[in-house]
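Enquirer: I have a structure here, written as structure tokens, and I will follow up with some questions on it.
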Amino acid sequence: MLFHPAKNPVELKVIHLNKSQEQRRKSLIEATEDKNAVKQFQKALAKKAKQKLKDKGKSKKKEKRIFVLDFDGDIKASAVKHLREEISTIISTANKDDEVVVRLESGGGMVHGYGLAAAQLVRLKEAGLTLTICVDKIAASGGYMMACVADKILAAPFAVVGSIGVVSQMPNFNKWLKKHDIDYEMFTAGEYKRTVTMFGENDDEDRAKYTEELEQTHELFKHFVTTYRPELDLAKVANGDHWYGEDALKLNLVDELSTSDAYLLQQMEKYQAYALLSRQKPTFAEKLGLANAAHSAVSGVVSIATKSALTALGDKLPEVMSKIEQDKRLKF
């Protein structure tokens with residue numbers, strides 16, 4: 001998905017963080033200091049910029065740059081849609097010495113979604129770029145699988161890290177169906193096309209096969225983690241438990257204790273930093289607010305019909321639950 005179709009265009013915004021920070025400092029000084037202090041600040045900025053140009057002219061080597069990405073993960077890892085575009089843009093533009101900082105926040109989710117997200121980060125490493133992951137709040141399960149790819153993981157002291165495990169859960173309505181004299185039939189081709197089910201009567205063989213699938217996924221997860229962090233003691237950290245930043249540091253799950261803000265400010269003293277923000281481009285109707293108005297109108301109609309719809313739902317319950325059954329997934 002290097003290019004989005006015309007119906008779903010994505011727009012990319014680039015923010016020069018150094019300039020934004022200087023502007024904020026200037027605004028604060030102007031509001032709190034006298035004119036002399038403002039002049040001194042402006043002179044210091046000009047002197048710093050002049051020195052930087054001078055050093056740049058002497059050096060034949062290109063200056064290192066920092067590219068900052070944000071990943072706020074839900075259960076489906078939906079943010080990977082924008083992450084892949086941002087990474088493709090960076091790879092096609094960045095130099096070998098450049099660094100990518102990902103501010104990661106995720107408690108994990110579906111295996112295939114987070115597997116793809118982690119694979120996108122691997123692309124940065126394969127391109128020869130330095131990858132730093134910053135965890136301010138949480139990078140657990142699938143979120144930690146993404147984080148472990150990094151050359152360096154930074155975590156805030158109370159950030160939640162770890163949870164190297166796999167979970168899957170579902171209700172079973174078989175007894176309820178029997179109580180209401182409802183038969184449930186399922187037809188498959190292939191012995192293991194379906195094992196445990198939400199409506200059928202699960203037996204020990206079904207459960208054993210499903211547990212085996214969970215264990216296989218867990219082994220893949222552990223193998224992936226140790227590929228990028230071979231110093232980890234899996235016996236201690238791959239039991240599904242999670243830890244706060246300080247304990248995670250002792251277990252080598254992370255490399256340093258720091259917030260993303262502190263790290264970026266430190267790097268911006270030496271390098272130029274750019275934040276890449278991509279989003280789904282709003283349609284013309286959305287810009288005018290017509291989409292929200294239409295949504296409100298539809299919601300009003302829906303609310304009137306809700307009671308009658310819920311009454312009819314009782315007759316359609318097996319069909320509705322069957323759709324839920326099809327969406328069952330293993331989750332990190």
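The values are calculated or read from the model by the stated rules, or taken from the named source; none is laboratory data. This is a predicted model, so every value here is computed, not measured. Don't worry about glycine lacking a Cβ; one is built from the backbone with ideal geometry, like all the others, and counts go over all protein chains shown. Protein only, heavy atoms only, side chains kept; ligands, DNA and RNA dropped before computing areas. Shrake-Rupley method; radii C 1.70, N 1.55, O 1.52, S 1.80 Å.
Enquirer: Can we say LEU214 is touching a residue at least 40 places away in the same chain (Cβ under 8 Å), touching a Ser or Thr at 6+ places or on another chain (Cβ under 7 Å), among the hydrophobic types (A, V, I, L, M, F, W, C) and assigned to a helix (DSSP H, G or I)?
Expert: Details: touching a residue at least 40 places away in the same chain (Cβ under 8 Å): yes; touching a Ser or Thr at 6+ places or on another chain (Cβ under 7 Å): yes; among the hydrophobic types (A, V, I, L, M, F, W, C): yes; assigned to a helix (DSSP H, G or I): yes.
For LEU214, the condition - touching a residue at least 40 places away in the same chain (Cβ under 8 Å), touching a Ser or Thr at 6+ places or on another chain (Cβ under 7 Å), among the hydrophobic types (A, V, I, L, M, F, W, C) and assigned to a helix (DSSP H, G or I) - is met.
Enquirer: Starting from residues that are in contact (Cβ under 8 Å) with a residue 60 or more places away in the chain and assigned to a helix (DSSP H, G or I), keep the ones in segment 223-233 and report whichever is most open to solvent (accessible area, probe 1.4 Å).
Expert: Ranking the candidates gives TYR228 first.
Enquirer: Another question, then. Of everything in segment 91-132, what is open to solvent by 40 Å² or more (accessible area, probe 1.4 Å), within 15 Å of the chain's Cα centre (by Cα) and either within 20 Å of LEU17 (Cα to Cα) or not assigned by the TED database to the domain that holds GLY143 (or both)? Give them in sequence order.
Expert: Listed by number, the list holds a single entry, ARG103.
Enquirer: Determine which member of the set GLY200, GLY165 is closer than 23 Å to ASP233 by Cα, of a type in the set (Gly, Ala, Ser) and in a loop (DSSP other than H, G, I, E, B). Outline the logic, then answer.
Expert: Numbers: GLY200 fails: closer than 23 Å to ASP233 by Cα.
Only one candidate qualifies: GLY165.
Enquirer: Let me ask something additional. Do you know which residues across segment 142-152 are in contact with a Ser or Thr (Cβ under 8 Å, 6 or more places away or on another chain) and surrounded by 24 or more Cβ atoms within 10 Å (Cβ to Cβ)?
Expert: GLY142, GLY143, TYR144, MET146, ALA150
Enquirer: Oh, and also: Is it the case that some residue within segment 64-84 is on the phi > 0 side of the Ramachandran plot and either open to solvent by less than 100 Å² (accessible area, probe 1.4 Å) or at pLDDT below 85 (or both)?
Expert: Yes, the conditions are met somewhere in segment 64-84.
Enquirer: Moving on. Of the residues in segment 234-267, how many are open to solvent by 30 Å² or more (accessible area, probe 1.4 Å) and aliphatic (A, V, I, L, M)?
Expert: So the answer is 7.
Enquirer: Return the residue satisfying two criteria in turn: it lies in segment 154-171 and is polar (S, T, N, Q) and farther than 10 Å from TRP243 by Cβ, and of such residues it is least open to solvent (accessible area, probe 1.4 Å).
Expert: Pass one, segment 154-171, residues polar (S, T, N, Q): 163, 168-169.
Filter again for farther than 10 Å from TRP243 by Cβ, leaving 168-169.
Working: SER168: 32, GLN169: 165 Å².
Among them, the one singled out is SER168.
Enquirer: Taking interchain pairs and intrachain pairs at least six residues apart, which have beta carbon atoms under 7 angstrom, with the first residue in segment 186-201 and over 15 Å from SER168 (Cα atoms) and the second among the small types (Gly, Ala, Ser) and surrounded by 10 or more Cβ atoms within 10 Å (Cβ to Cβ)?
Expert: Qualifying pairs under 7 Å: MET186/GLY200.
Enquirer: Go through the residues of segment 158-168 one by one and say whether even a single one is closer than 26 Å to ILE75 by Cβ and more than 30 Å from the chain's Cα centre (by Cα).
Expert: no
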